[in-house]
Every structure is written in structure tokens, then in C-alpha cells.
1. Say whether the condition of being modelled with pLDDT of 90 or more, exposed (fewer than 13 other Cβ atoms within 10 Å of the Cβ) and under 33 Å from the mean Cα position of the chain (by Cα) is met by at least one residue in segment 39-48.
2. Among the residues of segment 34-91, how many are outside any loop (DSSP other than H, G, I, E, B), within 15 Å of residue 23 (Cα to Cα) and not aliphatic (A, V, I, L, M)?
3. Would you mention how many residues in segment 134-174 are part of a strand (DSSP E or B) and out of contact with any Phe, Trp or Tyr (no Cβ under 6 Å at 6 or more places or on another chain)?
4. Just one of 216, 255, 247 is under 23 Å from residue 371 (Cβ atoms) and not in a helix (DSSP H, G or I); which is it?
5. Within segment 199-231, track down each residue that is of a type in the set (A, V, I, L, M, F, W, C) and surrounded by fewer than 22 Cβ atoms within 10 Å (Cβ to Cβ).
6. Kindly provide the set of residues from segment 259-271 that are more than 15 Å from residue 368 (Cβ to Cβ) and out of contact with any Phe, Trp or Tyr (no Cβ under 8 Å at 6 or more places or on another chain), ordered by number.
7. On the given criteria, is residue 234 surrounded by 20 or more Cβ atoms within 10 Å (Cβ to Cβ), of a type in the set (Val, Ile, Thr) and within 21 Å of residue 144 (Cα to Cα)?
8. Quickly run through segment 110-121 and pick out the residues that are more than 21 Å from residue 150 (Cβ to Cβ) and touching a residue at least 24 places away in the same chain (Cβ under 8 Å).
Amino acid sequence: MRKIITFISALILRLATSAQTLEGSWTGKLNVMGTQLNIVFNITKGDAGAFSCTLDSPDQGVKGIPAEITVSGGVDVKISVAAIMATYEGRLTDGRLKGTLTQSGVSFPLEMKPGKVERNRPQTPKEPYPYATEEVTFTNTADGAVFSGTLTYPVGYEKMAESDTPIVIMVTGSGQQNRDEEVFDHKPFLVLADHLARNGIASLRYDDRGTGKSTGDTGELTTETNMEDALAAVSFVRQTGRFGSTGVLGHSEGGAIAFMLGARGKADFIVSMAGPGVKGDSVLIGQNRLALAASGIQSQFVEAYCKALGCVLGAIEDGRAMEQPESTVQAAVRQTGVNLPEPLVQNLNTVISQCTPWLKHFVGYDPSADIRAVKCPVMAVNGGKDAQVISADNLSAIRRLALANAVNIVKEYPELNHLFQHCTTGLPTEYAQIEETMSPEVMQDIADWINKVARK
């Protein structure tokens, strides 16, 4: 009887195992220094029976990282991700993958369940909209880049006088982004365009060059390039003859571009959302100081690293860093008088090795002259918990530099982060976890201000 029971038990076990499948997406939460980081493995099986895999890190906005996968006995899995020097080893048990992820010699337990990360984004508008939209294209004639965008008309546009209908061109932050400035399933520019349309304001948002449906070379791209692209958008809108006052609304780097266009007399009004008010190297050092302190690194190392980073960025600006990268970092570290931990030293090397034309231009760009030169109405806003363009440094500089104008607004929102979400710490690690895409208060303040300064 025992042999029969054993046989039946083994049969049930084999049947249960065969019912499980590795194909599909698997999601788990990695606990890194108290932060929950979602990891997704996408496992597929080809016609020949071979498995393949990619890795997503939704909380970091990364998808489709190539991985190598080995499957033994249908239940034991080893996944290697060379790009991040990580390996996951687990076993399929009771419908879950239970195992360990090891990265750079550090191991973390990681249990994964079927499915992808589901995000709730309640502010994202759903069609049908109570207003019209139009797909448009325009060209930066300087280099032939062609841009694809969405022109959003305000509610009741057909009853408005064209000369009394304001429009804003939306300019994204650093890095190539789509027209919605999409990040972690948030679509800030779509949400804002919807709100403006419901308040009588038109908008144009477009895919950055080389992104989405837009074309154009990005190899030598700088903030100046992005400014020229935004200017092409302004020119396109003016040439349609369908609108009145034409403004520029920029987020982060886009805020700097708004000031650049305002200084050149190309905008009737500008809105800077978390735009820099100080030189680029100062912006980056401020970011790093706050991020390192938040990660628990000792204050002496934080300050020493930031001092060394300042030296490295200075060498990038004048070209020395690219000629002598190793000696640049060594000299920068020596100047601190502190024995920096090796990971921080390696990070300084990475700053140089991954330097782009954009970074070289950005660290040397000082927006003060452009801010002083703007004569049109200005609205500049920042979140008090912004960890990327720190309000205390940048907004105060804009307040000091901007020309006096009775209609100007320079305002800080104490509880908001860089994306203008209500938040706890303001660190980028929170962005994906927050359901709110953009504070309704900020959006309404922007709409009210534009209607005040832009309507004839």
C-alpha cells in the first residue's frame, strides 16, 4: 500500500509541475536599502523550445534589457543580465519563482509572481475628449529634423476669436522623451494639456528629436539644439495663424529653454517648471549631494565627493577631462584630502567615460544672462522637495535675476517633488509609486496665470 501511495504522490507532483509554466512576465520586489524596487522578467519560449528573456525595471523607467536564461527540469532557472552585472537563480514552486538575485557580489532574496507591474494613473485623460486634437508635423530647417506632435485645441475653440486664444509650446526635460514626457507610466504633458484645454488654452507637445515619431540626429545634441527645436515649434504655431499669444512652457531643462527663447524675444510669455536658475555644474552637484546624503553615506564623504565632482565637471567644461581622464580623477580626489570609498571614485571615472556633448554644454551653461534678458511675463515654479533641481538654489536665483514685472509669479510648492507630485521624500525613487501625475493646484495656477497675461 505504501508503494502505491508513493507512486500516486509522485504522479501528482509531476502533474503539478507540468501544469506550471515559465512563459510570461514575472514580477518581484527587490528590497534595496529600505527601498522597494520592482523587477520584471519577461520569459518567452521559441518554436524550437529554447527560452529567451528580457528584464524590465519599471521604477527606473527601463524596459527590455537583454538577458540570458537557462532552464533545467522545467523548474530551475538561471538568468544572467550582463548589462547590470546581475544573476538570478530560482525555482518554480507553487506558481512562484523563489530565489536570489546577485549583483556585484551582493545577494538579495527575490520571490516573483506571474504578471507585470500594474500602475494606477487616475489623472490620465481618456477619450473621447471634450475638445479637438490634431496630429501635426514641423521641421527644424537648420538640420532637417522633422517633429511629430499633438496640437490640442481648447474646449469651445470654434466659438473663440483666434486672436484671443493663447497657446503654449511644451518643452520636455533632459533626455529624449516623447510628447507626453512619459515616465513610469505617468504622462505629465498629456495631463497638463488636458487641463489647459478645459481652461481655454491650446497647446502643442511634440516627440523630442530621434524619439517616437520624430526624426533627427542626436549624436551632437545639446541644450542649444533642443532650444532650436523648440523655436521651430514656436515658428510653426505662429505660421498657422490660428492662435493669439504664443508662450513656451518648459519642465526642468525645458525651463532653461523657455528662458532662452524669452531672452531672444521669441515668446509672448514663459512658464518654467523646475527650471534651473544656476549654472549646470551647480545643479548636478546639488543633485548628487542630496542623493548621497539620502542614501546614508557619511557627510564627510558626501562633501568630499561633491568637491571632487566639481573639479571633474570643471575639467569636462574646459576639455581637460577627456584628454587625461585618470589623472583628472586622481587630482580631483587628492584635492579633497579625504580617502574616498572606491565606488565613489569609480563613479567619478564613469562621469568622464560617459560624458556626452549635452553634458559638456550643460555643465558650462549659466542661465543668469538669459533670465535677466527676458522682458515678457514669467511664471517660475518649483517643488519644495525637488531633489533634482533644488528649489532653494534655483528658484531663489530666478527670483533674484528676473526683471521686475507686476504679473510675474515665482512660487514654491512646499510638498511637491520635481514632477510636481505630492510626495514624502522627493527622491526619484518615489516617482513610480505615487499615483498622482501632477498637482491639480499647480495646473490650475498655470491655467489662471496664462489666461490673465495672454488674453487680449
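The values are calculated or read from the model by the stated rules, or taken from the named source; none is laboratory data. All values derive from a computational prediction rather than experimental measurement. Cβ placement follows ideal geometry from the backbone for every residue including glycine, while neighbour counts extend to all protein chains displayed.
1. no
2. 15
3. Residues that pass the stated criteria total 15.
4. Going through 216, 255, 247 in turn, the sole match is 247.
5. Within segment 199-231, 221, 231 meet the criteria.
6. The answer is 261, 264, 265, 266, 267, 268, 269.
7. Yes.
8. Answer for segment 110-121, where residues must be more than 21 Å from residue 150 (Cβ to Cβ) and touching a residue at least 24 places away in the same chain (Cβ under 8 Å): 110, 111, 112, 113, 114, 115, 116, 117, 119, 120.
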